[in-house]
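Worksheet: one structure, shown below.
The values are calculated or read from the model by the stated rules, or taken from the named source; none is laboratory data. Everything quoted here is computed from the prediction, not taken from an experiment. Cβ placement follows ideal geometry from the backbone for every residue including glycine, while neighbour counts extend to all protein chains displayed. Surface accessibility is based on the protein's heavy atoms, side chains included, excluding ligands, DNA and RNA. Shrake-Rupley method; radii C 1.70, N 1.55, O 1.52, S 1.80 Å.
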Amino acid sequence: PRVCVVGSGPAGFYTAQHILKHHGGAQVDIYEKLPVPFGLVRFGVAPDHPEVKNVINAFTQTARSERCTYYGNVTVGRDVTVAELRQAYHAVVLSYGAEDNRVLGIPGENLSGVYSARAFVGWYNGLPENRDLKPDLSCETALILGHGNVALDIARILLSPLRLLRKTDITDGSLAALASSKVKRVWLVGRRGPLQVAFTIKELREMVNLPGARPVLNPADFTGLENAIKDAPRPRKRLTELMIKTALEKPGEKTMEVQEVVAQAAAPREWGLKFQRSPQEVLPTADGRRARGIRMALTRLEGSGDSAKAVPTGDMEELECGLVLSSIGYRSLPLDPVVPFDTQRGIIPNSSGRVEGVPGLYCSGWVKRGPTGVIITTMNDSFETAQSVLEDLRVGVLDVSASREGFGAVENILHSRGVRPVSFSDWEKIDAAEVARGKAAGKPREKIVDPQEMLQLIGH
């Protein structure tokens, strides 16, 4: 059987890995629109979380398997259509993730100084499409809308001491911009309360312990929560306890060295969590061009736990900030008119990864279940889709007796359209060049951010 996977992030690689492992004869081709593989592991995971990127080693093993081939620099839907792939392969799996972000839908969100988290993360992580973002970091106060791990990542990158960032694979350009940044205060704002935050304890603890940055949490936000979390699941309980402890601690109550206490109290930078506020408008400067603040509606919660809804109380509040980052979620886009797409939920309608009404077409990852969860969530989700493919092969839903040409057929199509794919060994040359450049600067790698430069490097 010839199987093709569209997208080389965790969803694509885990789907390929599972099929190769559990079917001794399957050939899997992975298509990626960028020259470089690994999706959000390369472009989403924070530069100061290198341990999370270790999955790249397993993906590399998969890509080097003789039954797996990687074709980078190929945009499915443009260079080759899904219909053409379906003619060339017995099964096609769409694992192309979430390439867009949810919009706030409020006045002023297009002012300069307002960025999506997706673009900002892409900028410091070297995603080619965001390399020219040039965010303005000349203000003292930044505001991040959202209480997820991505929001904490951004706050940490904005406030981290440069000596810590210099040792990471953060891009050269963003490091230079952060070196001259004036941002010293970051507010993380959410519509709901402390019991609904989406970030996890590991990320919060890292933020609380960030050198040179002081947490500012309002004790009043946590009144009565000890009782409310008595029967909460353990992760939620521990997370809330850490927030309460951080809110109530006076500098000096911590069991830390005297000089640490002094350093913490005099910390030049600070960050804090604000709850039950819903953005209504980004306020413009006098010339109408830039963001100078944000108007928020105060909310009250109806219901409890994860299903609590934020309802406006009618009260408003304005907060001054020159940088607004919207971290309210990623969004998948339709890839090709022949693929069904639920625009409401931003996913491909499917059952266990089988695309509804299109036999032989599958999906995995964020485009299958929505843009939530960590790499392990995507792994399990991709194994489920791979299992559906294997099952359909076993019971004959996928007719393997009809021979399919696989890449042979696609190669002719790409050639006729002037598209030259990038191989995995091409990527390994780019990888080696990045690592060498990084070594010279004392970093794990220096990412190349321009696709043209990548292609020149491999003689394309």
Flagged in segment 16-34 as crowded, with 20+ Cβ neighbours inside 10 Å and within 19 Å of the chain's Cα centre (by Cα), in numbering order, are Glu32, Leu34
Among residues of segment 325-334 being in contact (Cβ under 8 Å) with a residue 24 or more places away in the chain and closer than 20 Å to Trp366 by Cβ, the residue surrounded by the fewest Cβ atoms within 10 Å (Cβ to Cβ) is Leu333
**Message:** Against the definition (outside the structural domain of Lys202 (by the TED database), over 26 Å from Asn125 (Cβ atoms) and in contact with a strand residue (DSSP E or B) (Cβ under 6 Å, 6 or more places away or on another chain)), how does Thr343 come out, yes or no?
**Reply:** no
Filtering segment 301-310 down to residues that are loosely packed, with under 15 Cβ neighbours inside 10 Å and either farther than 19 Å from Asp231 by Cα or not assigned by the TED database to the domain that holds Arg192 (or both) yields Glu302, Lys309
Q. Restricting attention to segment 392-414, does a residue exist that is assigned to a helix (DSSP H, G or I), under 22 Å from Val74 (Cα atoms) and free of Cβ contacts under 8 Å to residues at least 40 places away in the same chain?
A. yes
Picked from segment 52-73 (must be in a loop (DSSP other than H, G, I, E, B) and surrounded by fewer than 22 Cβ atoms within 10 Å (Cβ to Cβ)), the residue nearest to the chain's Cα centre (by Cα) is Ser65
Of (1) open to solvent by 20 Å² or more (accessible area, probe 1.4 Å); (2) on the phi > 0 side of the Ramachandran plot, Phe38 fails just (1)
How many residues of segment 433-460 are open to solvent by 60 Å² or more (accessible area, probe 1.4 Å), in contact (Cβ under 8 Å) with a residue 12 or more places away in the chain and in a helix (DSSP H, G or I)? The answer is 1
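Can you list the strands (runs of 3 or more DSSP E) found entirely within segment 86-158 that contain at least 3 residues being under 30 Å from Leu239 (Cα atoms)?
114-116, 141-145
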Gly322: passes all of (1) in the same structural domain as Val92 (by the TED database); (2) surrounded by 17 or more Cβ atoms within 10 Å (Cβ to Cβ) but (1)
* Inspect all residues belonging to segment 334-345 and state whether any of them is at positive phi and modelled with pLDDT under 95. => no
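Grab the helices (runs of 4 or more DSSP H) fully contained in segment 160-253, keeping just those with 3 or more residues being small (Gly, Ala, Ser).
172-179
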Selection over segment 410-432 where residues are farther than 26 Å from Val82 by Cα and open to solvent by 20 Å² or more (accessible area, probe 1.4 Å) yields a count of 4
Flagged pairs (Cβ under 6 angstrom, 6 or more apart or on separate chains; first in segment 44-65, under 20 Å from Pro128 (Cα atoms); second among the aliphatic types (A, V, I, L, M) and outside any helix (DSSP H, G or I)) are Pro47/Ile170; Lys53/Val45
